[in-house]
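The values are calculated or read from the model by the stated rules, or taken from the named source; none is laboratory data. These numbers come from a predicted model, not from an experiment. A quick note on method: Cβ atoms are made from the backbone with ideal geometry, for glycine too, and the neighbour counts reach across all protein chains shown.
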Amino acid sequence: MGIRTKITLLAFAITAIPLASAQTATGTQPGTPSGQAYPEVVMSLERCLEIALTDNPTVKVADMEIKRLDFSRKEVIGQLLPNISFSGMYNRALAKQVAYMNMDGFKMPGLGGSTGDDTTEGDGDGTGTPQQIKSRAGGSSGSGKRDDGIKMGLDNSYQLGFSASLPLIAPQLWKSLKLSDSQILESIEQARSSRQSLVNQVKNAYYGLLLAEDSYKVIEQNMEMARFTADLYQRQFEAGTASQYDVLRTQVAMRNIEPELTQAQITIRQARLQLLLLMGISDYFEVKPDVALADYEKTMYDRTMAMSRDISRNSDLRLLDIRTEMLSRTLTVQRMAWFPTLALTANYSWTSSSNGSPFKNFRWNPYSMVGLSLSLPIFEGGQRYSRIKQAKIQVDEMQWQRDNLVNSINMQVDLAFENIQLNVKQIDSCSESVRQATAAHDIVKRSFEIGAASYLDLRDAELALTRSRLAYNQSIYNFLVASSNLEQLVGAYDVTPYMPAR
């Protein structure tokens, strides 16, 4: 594999690291005219994580969701407190209600029929007073006057007052409080999960920056070796001991490395920008890591031995357990719908009625009452029974999902450990390869200087050394990324100090 291919793969690996946020950084961006100076800041990995866990927009949104659900729980608690309201009402009668009465011993005019008095004073043969005769005539015709009723009510009516209610027995509402607690726990775990994912992304971006910078150094060393050879042949050509072809060949080899060096610089700029985005920083500056990839080789065995297979802190598993508990409490809430509810009610109001203008003749009268309201559910068409059965099925489904998730996580952990062990072996192999390639290059270089080796031998040694160094850096990067992915999988990184206080 050539150096150009190595650089292309390196650039792809850096840009393939997932971003924690899709926001676009403001301020000075890469691609400005050459010579643009940016401030350089040396930052450790822990410092980058600290900034990201406090300033990244993703974690801020997760923290706000916790506050929202906390207020939602307070809303449920508020339903247990007295509910007091004030109301006012005004009615204007357009057509008053008319009432007619027909009682024993009394006849309302216009309703027809006869009374005992009518029978005594006349037998229907035309005798009696004119009013009685007229009334009997109207009754016999079946068309009595309908406008002789009594009009009820007044033109204006007002009502103002306070009403209050207090739940005394509310089993379903009491259980809803525990359901709200589970929702808050779910939100907290989601915030923890987002931080775990952010830690993994920041680590991978930081390791990618280390890989880009170390690879740039390797290519720069290769450039220096090519420049040394080109200068040597140039001096020999001027002294008459080398041909112009040798000069052109070495200069072309040196020029061919320049695009790779430029691409490495672009890769470093992209890695830095990606790290800044994950940290939630909008201004661009030169992030300078305080370590190199080779420094991690010293601690890789200790890191490997300290890794745990315990998956109890896995965020997906903990979220599933919390959601299962939420479904169980939802089932309890559904069962509480069978229980009666009792509430205390109270009312104090003022009423007024008047005729004529609605702004005059007010006559306010107070009215108050206190009572109990009992509600006992008896039959709702089987709705409650169906809801309970649905909740039971969901709880059983979650248990099967948990078993499947545990098996999947265990398989991922086993695969991660295998990858880490292979990466450790690869680091050992690449480290030995670099040592051997360096020794071979030194031998060929000395031989070339005294004329005992050809330029092709020297160039082959330089390429072999460059490939060995790039492979060595890549192997350490793979080990670090695999270790970070395993930490996220088992939830090993402690983000508790960065969680919001409640």
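Scan segment 53-64 and report the pairs whose first residue is assigned by TED's automatic domain parsing to the domain that holds residue 189 and whose second residue is among the hydroxyl-bearing types (Ser, Thr, Tyr), with Cβ atoms within less than 7 Å and a gap of 6+ or a chain change. Hits for this filter: 53/498; 54/498; 56/21; 57/21; 58/21; 58/194; 59/194; 62/194. Taking residues in segment 204-231 that are under 14 Å from residue 472 (Cα atoms), and partners anywhere that are of a type in the set (D, E, K, R) and part of a helix (DSSP H, G or I), the pairs with Cβ atoms closer than 6 Å and at least 6 places apart or on different chains are 218/469; 219/260.
Picking from residues in segment 375-400 that are more than 27 Å from the chain's Cα centre (by Cα) and of a type in the set (Gly, Ala, Ser), the one that is modelled with the lowest pLDDT is 381. Which ones in segment 327-381 are among the charged types (D, E, K, R) and within 19 Å of residue 76 (Cβ to Cβ)? Correct list: 329, 335.
For segment 208-246, a tally of residues being in contact with a Pro (Cβ under 8 Å, 6 or more places away or on another chain) and among the acidic types (Asp, Glu) returns 1.
Which of the residues belonging to segment 289-348 are under 30 Å from residue 427 (Cβ atoms), buried (at least 18 other Cβ atoms within 10 Å of the Cβ) and of a type in the set (D, E, K, R)? Across segment 289-348, the qualifying residue is only 297.
Would you check if there is a residue in segment 90-100 being in contact with a Leu (Cβ under 8 Å, 6 or more places away or on another chain), at pLDDT below 90 and part of a helix (DSSP H, G or I)? Within segment 90-100, none of the residues are in contact with a Leu (Cβ under 8 Å, 6 or more places away or on another chain), at pLDDT below 90 and part of a helix (DSSP H, G or I). Here residue 451 meets each of (1) more than 26 Å from the chain's Cα centre (by Cα); (2) assigned to a helix (DSSP H, G or I) with one exception, condition (2). Would you be able to say whether some residue in segment 261-273 is assigned by TED's automatic domain parsing to the domain that holds residue 476, without any contact (Cβ under 8 Å) to a residue 24 or more places away in the chain and buried (at least 17 other Cβ atoms within 10 Å of the Cβ)? No. Hey, could you check segment 465-502 for residues that are in the same structural domain as residue 212 (by TED's automatic domain parsing) and basic (Lys, Arg) and say which is surrounded by the most Cβ atoms within 10 Å (Cβ to Cβ)? Filtering segment 465-502 for residues that are in the same structural domain as residue 212 (by TED's automatic domain parsing) and basic (Lys, Arg), the one surrounded by the most Cβ atoms within 10 Å (Cβ to Cβ) comes out as 469. Note on segment 69-89: residues that are part of a helix (DSSP H, G or I) and in contact (Cβ under 8 Å) with a residue 24 or more places away in the chain total 6. I'd like to check something: does segment 342-352 contain any residue that is outside the structural domain of residue 483 (by TED's automatic domain parsing), part of a strand (DSSP E or B) and either out of contact with any strand residue (DSSP E or B) (no Cβ under 7 Å at 6 or more places or on another chain) or modelled with pLDDT under 90 (or both)? No, because not a single residue in segment 342-352 is outside the structural domain of residue 483 (by TED's automatic domain parsing), part of a strand (DSSP E or B) and either out of contact with any strand residue (DSSP E or B) (no Cβ under 7 Å at 6 or more places or on another chain) or modelled with pLDDT under 90 (or both). Filter segment 159-202 down to the residues that are under 30 Å from residue 88 (Cβ atoms) and of a type in the set (Ser, Thr, Tyr) and list them by number. Those that are under 30 Å from residue 88 (Cβ atoms) and of a type in the set (Ser, Thr, Tyr): 163, 165.
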